[in-house]
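Enquirer: I'd like to ask you about the structure that follows.
The values are calculated or read from the model by the stated rules, or taken from the named source; none is laboratory data. Since the structure is predicted, the reported quantities are computational estimates derived from the model, not experimental observations. Virtual Cβ from ideal backbone geometry, glycine too; neighbours counted across all protein chains shown. Surface accessibility is based on the protein's heavy atoms, side chains included, excluding ligands, DNA and RNA. Shrake-Rupley method; radii C 1.70, N 1.55, O 1.52, S 1.80 Å.
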Amino acid sequence: MDKLYFFLIFSFLFILVGTKYLKNFLEKKKIFDIPNERSSHLNPVPTGGGWIINLCIVGIIFFLDPYDKIPAIITILGLAFISWKNDIKNLNIGIRLLFQIFFISIYFAYLYNFGFYKESQLVHVLIIILIFTWFINIFNFMDGIDGISATMTITICIGIIFAYISNNSEYFPSFEILITSTCLAFLYWNWKPAKIFLGDVGSIVLGFVCILSLYWLFLDGNTWHWVLSLPMYYVLDTTLTLINRFIKGKKIWQAHSEHFYQKAVQSGMNHSQVVKLIITLQIIIITTCYFIKDPYLVVFLAFIESLGLIIYFSSKYKKST
């Protein structure tokens, strides 16, 4: 436990200080996110802050030395590499998806070959790979305002910690505790007004970390309602937005600024106000999951709670137009 406390402090300070030097490096190399008509920011901001988080995550994995250390590190670095390529030069969506599936498959192929899925059909593993690919892209789609992805990672990890406690699990969530510390430190630089952006290199990897932690929580048993409820807002906002774009005949894979949280910003709310409302929603969802015992009711309430915030954001936008 003393080692955990030490690494908790070390990871926080590493991100807090390291991000400053990474920011200076990115500015020197002129690697900026240049505002366009879809952007929620007005001035160029250094992008690629996810590299410092990725380095810390790899260090955390080495420190914890889990069973899946090798494939996890390979997958994280692979996803980071292809995402960084996309940050520097927009890649074709097909190429990105192909490499994402490839690197995620490395993780599950390792587990499959070493007998982790000895009672599961290969098709089940393939479905899990597609779910992971879908989720990391949802996480990336939602990374559109200051602080939102780091905040969502924090609240999902805190929810997972409470889930293990509620489930009387034998697993101690050291990984989720350290990821929370890491993202809290990054928020110092990423909270409005953001001095540095995660970039795809950060949001994609954080998405993978979140879905991986949710997946292992699911395997703990009797926790599926936590797994569905904690990312409910992200899933619902993205799904409804894509449905709206599909109905209007727009290309659903193209970058846009039509998410409900983005519409809230466009209505006049600032980034921090929107993120604070999402934090409040996440606290309500975690409380719902912890105190209500009926898992079906929990998921239903999480859906209603998330939908309520989406309706609020939508109403603010309609009043402003």
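Enquirer: Once the other residues with Cβ under 15 Å from the Cβ of L178 are scored (Lys, Arg +1; Asp, Glu -1), what is the net sum?
Expert: On the way: positive: K3, K69; negative: D2, D65, E176.
So the surrounding residues net to -1.
Enquirer: Quick one: if you stick a label point 7 Å off each Cα along the C-beta vector at L13 and E258, how many nm between them?
Expert: Label-label distance for L13 and E258, simple model: 4.9 nm.
Enquirer: Sticking with the crude label model, points 7 Å out along Cα→Cβ, report the distance from I292 to S272 in nm, one decimal please.
Expert: Each label point lies 7 Å from its Cα, and together they span 3.2 nm.
Enquirer: Right, something else. Between W216, M152, F175, whose Cα lies farthest towards the positive end of the dipole of region 128-229 when Lys and Arg beta carbons carry +1 and Asp and Glu beta carbons carry -1, centred on the Cα centre?
Expert: Checked the options; the winner is M152.
Enquirer: Over region 24-67, consider all pairs of different Cα atoms and compute the Kirkwood hydrodynamic radius from their mean reciprocal separation; express it in Å, one decimal.
Expert: Value: 12.6 Å, from the Cα pair sum.
Enquirer: Can you tell me the dipole magnitude for the chain around its Cα centre, using point charges on the Cβ only (Lys, Arg +1; Asp, Glu -1), in Debye to the nearest 20?
Expert: The dipole of the chain has a size of about 1200 debye.
Enquirer: Something else: Looking at region 191-321, how many pairs of lysines come closer than 19 Å at the Cα, when each pair is eight or more places apart or spans two chains?
Expert: 12
Enquirer: Here's something else I'd like to know. Average projected area of the Cα convex hull of region 259-321, in nm²?
Expert: So the Cα hull casts an average projection of 4.1 nm².
Enquirer: What's the FRET efficiency of F32 with T280 using the Cβ-Cβ distance as r and R₀ = 45 Å, to the nearest 0.05?
Expert: Values: r = 32 Å, r/R0 = 0.71.
Once rounded, the FRET efficiency stands at 0.90.
Enquirer: Out of [x] 28, 24, 21; [y] 51, 19, 16; [z] 33, 25, 18, which label holds the value of semi-axes √(5λ) of the Cα gyration tensor in Å that was computed here?
Expert: Given [x] 28, 24, 21; [y] 51, 19, 16; [z] 33, 25, 18, the structure-derived one carries the label [x].
Enquirer: Looking at the chain, which longest stretch skips every one of the GluC sites (Glu not before Pro) that is in a DSSP loop with at most 11 other Cβ atoms within 10 Å, leaving the sites themselves out?
Expert: Result, exposed sites excluded: 171-321.
Enquirer: Would you tell me the accessible area of M269, worked out with a 1.4 angstrom probe on the heavy atoms of the protein chains, in Å² to the nearest 10?
Expert: M269 exposes around 20 Å² with every protein chain in place.
Enquirer: Continuing with this model, one more query. Could you please report the charge total around S272, scoring K, R as +1 and D, E as -1 over all other residues with beta-carbon less than 11 angstrom from its beta-carbon?
Expert: For residues surrounding S272, the net value is +1.
Enquirer: Ok, one more. With all pairs of different alpha carbon atoms counted, what Kirkwood hydrodynamic radius in Å does region 19-141 show?
Expert: It is 16.4 Å.
Enquirer: Separate question: Can you sort I104, I131 by solvent-accessible area, 1.4 Å probe, largest first?
Expert: I131, I104
Enquirer: So if a site counts as exposed when it's one of the trypsin sites (Lys or Arg not before Pro), its DSSP state isn't H, G, I, E or B, and it has at most 14 other Cβ atoms within 10 Å, what's the longest stretch of the chain without one?
Expert: 119-247
Enquirer: Among the aspartates and glutamates, which fall within straight-line cross-link reach of K3, defined as a Cα-Cα distance under 18 Å, with same-chain neighbours fewer than 8 residues apart omitted?
Expert: Here the aspartates and glutamates satisfying the reach criterion relative to K3 are D65, E176.
Enquirer: Still on this model: Before anything else, pin down the relative contact order of the chain: Cα pairs under 8 Å, at least 6 apart, normalised by residue count, whole percent.
Expert: Relative contact order for the chain comes out at 23 percent.
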